[in-house]
Amino acid sequence: MSAAGHAAAAAPAEPALRTAASAALLGAAGVAAVALPALVALRLPPDTTFFHQAAALGLWGLFVAAAAATRQATPGAAHWRACAPLLAVCAGVGGFALAGWVGGTLPRGLALVPLAVLAAAAVVTLTAAAAAPAARRAVALGLVVAAVASALVALLQVCAPGWTAGGWIAATTLPGRAVGNLQQPNHLATLLLCGAAALVALLAPARLGRAGWLGVALLWGLLIVALQLSGSRTGALGLGLLALWGLVDGRLRRGARALLLAAPLLYALAWAVAGLGLGVGAAARAPQADPSSSRLAIWADSLALIAAQPWTGVGYGQFNFAWTLSVLPQRPPAFFDHAHNLPLHWAVEFGLPAAALLLALLLWAALRAAQRAWACPDAADAADAVLRRALLVVLAVYGLHSLLEYPLWYAHLLLPLAWAWGACLAPAQPPAASPAAGRPPAHAALTLAGAALALGALAASVDYLRVAHIHTPPPQAAPLAQRLAAGQASVLYAHHADYAVATTAARPAQALPEIGRAARHLLDARLLWAWAQAEAEAGDHDRARHLAARLREFRRPDAQRHFAVCDTPDAAAQAFACQPPDPAAPALGWRDFAR
């Protein structure tokens, strides 16, 4: 027997799916986990991404349980070791969230929800590392389905906006640009790029004729056109990652490499066609004022916050609070709750030493994933080897996006990344299936973890409706006061009800506790002004003037109306918002308001 034959004989066999029904269960669960959260169109304020995230947690939980039930994921010691850096990152960030709640002033829901999402990411990562190729193919198919369906939604949003008035397809909020049902062009672009990489991987084992390749080319063109319609510059940069894959991976088939290398050219062609008077997608964005100035400004402000507290940071989830209440005269007019750059954000919230440690763990995990995915031998399973390299491209797409935005703060974007990363970290050969009768403990543990995620998502949805009914009351709804009280009783989302109480109170001073809790989630113009009024009514004019001065720094039309009285000298003398800080009083900082 040849050396290759000995290697093949020694390699453990892939766990077999026992029946067609189990194969269908696994495939359906994988497609649903990736695709359905991206296609949800239901949006109920105050959190317009809630149902995307709840669907992701629940459906990924069901997929984890399905992978365990069909024996397609059996984590062992090797998988725990492979995922150790990522699991350590999840534990570290979760530790900061827990400390902010138990030892700080972070409201309960603002800690428990991230802890649940981080736990889900850890479970999905470990499951992916231990998964058999059948499970990886199910997720890849889900990425393709999500991308193609979102591309069709993008076409309708731009070319037939009248068809998007129903409840299944969201209308675009940016005229001339596609946002998908995710309602965010950069999120749509990342989904399209990941779907394109998965499409190439799924084509690896196929023997396509001329008609088949024509169909694939049409799908590829649809994805590229939808990317152009999004107008996402992050997406345009991501096309370079697809082309780079095609350039350096000599193991790809000629047709697959041609698709990857042609992607930037197709995008340029779509941009040129759209620019011929159509004014859609990137062509619609070109004449606009450069919105990157706000991103550059928030990066500069982030560096200032880091310089002010370099060692311990401002605390988990407190970027918006510290940034809004710090003296930053050149701040951008938008209210930001994130630094729009993962390393900067961690440095602001956790301090430089902790951020450096977390980033080092991420880099270690990324390098290990790249080495394992790229070195995966085609001799074992050529199709799975290509798929793992495609998932490595998915990691790169997310990495680029995380340097310019914060996709990892959304469960429906984080969990596909967790899967891709875990799959890239997996050993080259899956472990042999246990011959023992019954379900091994690892299978039972994954089943329980998946069921817990699904049940938790359902419970969170019921809890969220308490605060959603404040803004969107159902038929025969209770009076507003009762709905506010019910919202404040929410286990996870009471801070949204606190915001509603704080911004509608007849006497803001009576809502100071609600203002303090709501401010930990997001300080915007309405809440900042309510807080300033409350402090003035309570007699603390120094604090009121500081809050008013911060609001004035934003230079927003909806905020400047509060300062119109300052143009009248007599009235200005009486209005706290028009008075400068007392030079004899000690200067206030954001920590003076962290009570």
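Please treat every number below as a calculation from the coordinates, not as lab data. Here the structure is a predicted model, which is why all the values come from computation and not from measurement. All Cβ positions, even for glycine, are placed from backbone atoms using ideal geometry, and neighbour counts span all protein chains on display.
What's the magnitude of the charge dipole for segment 133-284 around its Cα centre, counting Lys and Arg as +1 and Asp and Glu as -1 at the beta-carbon? Answer in Debye, nearest 20.
Numbers: 10 positive and 1 negative charges, 105 e Å.
In debye, rounded to 20, segment 133-284 gives about 500.
Once both axes come from the Cα atoms, what is the angle between helix 254-274 and the longest principal axis of the chain, in degrees from 0 to 90, rounded to 10? Between the helix axis and the principal axis of the chain, the angle is about 30 degrees. Projected label points at LEU44 and ALA99, each 7 Å from Cα along the beta carbon direction, are separated by 3.6 nanometres.
Quote the FRET efficiency, to the nearest 0.05, computed for ALA84 versus ASP582 with a Förster distance R0 of 51 Å and r equal to the Cβ-Cβ distance. Walk me through the intermediate numbers first.
Working: r = 54 Å, r/R0 = 1.06.
Plugging the Cβ-Cβ distance into 1/(1 + (r/R0)^6) gives 0.40.
Compute the label zone of LEU455 within segment 109-151: residues whose backbone N is under 14 Å from the point 7 Å along Cα-to-Cβ. Output list for this probe position: empty. Projecting each Cα onto the charge dipole of segment 133-284 (Lys/Arg +1, Asp/Glu -1 at the beta carbon, about the Cα centre), which of TRP163, VAL216, ALA134 comes out farthest on the positive side? The residue sitting farthest along the positive end of the dipole is ALA134. Working from label points 7 Å from Cα in the Cα-to-Cβ sense, the VAL327 to THR568 distance is 3.0 nm. Taking the average, over residues, of other Cβ atoms within 10 Å as the packing measure, peptides 208-215, 32-39 rank 32-39, 208-215 from highest down. Compared with the direct C-alpha span, the chain from ARG108 to LEU152 gains 11.9 nm at full extension, assuming 0.36 nm per residue.
For ARG233 and ALA211 in one chain, what is 0.36 nm times their gap in residues minus the Cα-Cα distance, to one decimal in nm? Could the numbers behind the result be given before it?
Numbers: separation 22, 0.36 × 22 = 7.92 nm, distance 3.31 nm.
Here the segment from ARG233 to ALA211 would lengthen by 4.6 nm.
Calculate the dipole size of the chain relative to its Cα centre from +1 charges on Lys and Arg beta carbons and -1 charges on Asp and Glu beta carbons; express the result in debye to the nearest 20.
On the way: 38 positive and 25 negative charges, 309 e Å.
Rounded to the nearest 20 debye, it is 1480 debye.
Here the peptides 257-269, 387-399, 412-424 are ranked by packing, the mean other Cβ count within 10 Å, and the order with the highest first is 412-424, 387-399, 257-269.
Shown in residue order for segment 187-203 are the 3J(HN,Hα) couplings computed by the Karplus curve 6.51 cos²θ - 1.76 cosθ + 1.60 at θ = phi - 60°: 5, 4, 4, 4, 4, 5, 5, 5, x, 5, 5, 5, 4, 4, 5, 5, 7 Hz (x for Gly and Pro). With the simple model of a label 7 Å out from the Cα in the direction of the Cβ, LEU244 to THR19 spans 4.7 nm.
Most exposed first by the Cβ proxy, i.e. fewest other Cβ within 10 Å, how do HIS340, HIS443, HIS187 rank? All intermediate terms of the calculation are to be shown ahead of the outcome.
On the way: HIS340 18, HIS443 21, HIS187 27.
By the 10 Å Cβ count, ascending: HIS340, HIS443, HIS187.
Calculated from DSSP H runs of 4 or more alone, at -39500 (n - 2.57) each and per residue, what is the 222 nm mean residue ellipticity of the chain, nearest 500? Walk me through the numbers on the way to the answer.
On the way: 25 runs with 392 residues, N = 595.
Rounded to the nearest 500, it is -22000 deg cm²/dmol.
Counting every other Cβ atom within 10 Å of each residue's Cβ, PHE63, PHE319 order from fewest to most as PHE319, PHE63. Gain on full extension, evaluated as 0.36 nm per residue between LEU276 and ARG526 minus their Cα-Cα distance, stands at 85.8 nm. Each residue of segment 444-456 was assigned a 3J(HN,Hα) from its phi angle through the Karplus curve 6.51 cos²θ - 1.76 cosθ + 1.60 (θ = phi - 60°); the sequence is 4, 5, 5, 4, 5, 5, x, 5, 5, 5, 5, 5, x Hz, with glycine and proline shown as x.
Considering segment 473-592 at the alpha-carbon level, its Rg and Dmax are found to be 16.1, 56 Å. Cβ crowding within 10 Å ranks SER302, SER326, SER230 as SER326, SER302, SER230, fewest other Cβ atoms first. Over all other residues within a Cβ to Cβ distance under 15 Å of LEU87, the charged ones net out to +2, with Lys and Arg as +1 and Asp and Glu as -1. When peptides 502-509, 173-180, 217-224 are sorted by average Cβ neighbour count within 10 Å, with the highest value leading, the order is 173-180, 217-224, 502-509.
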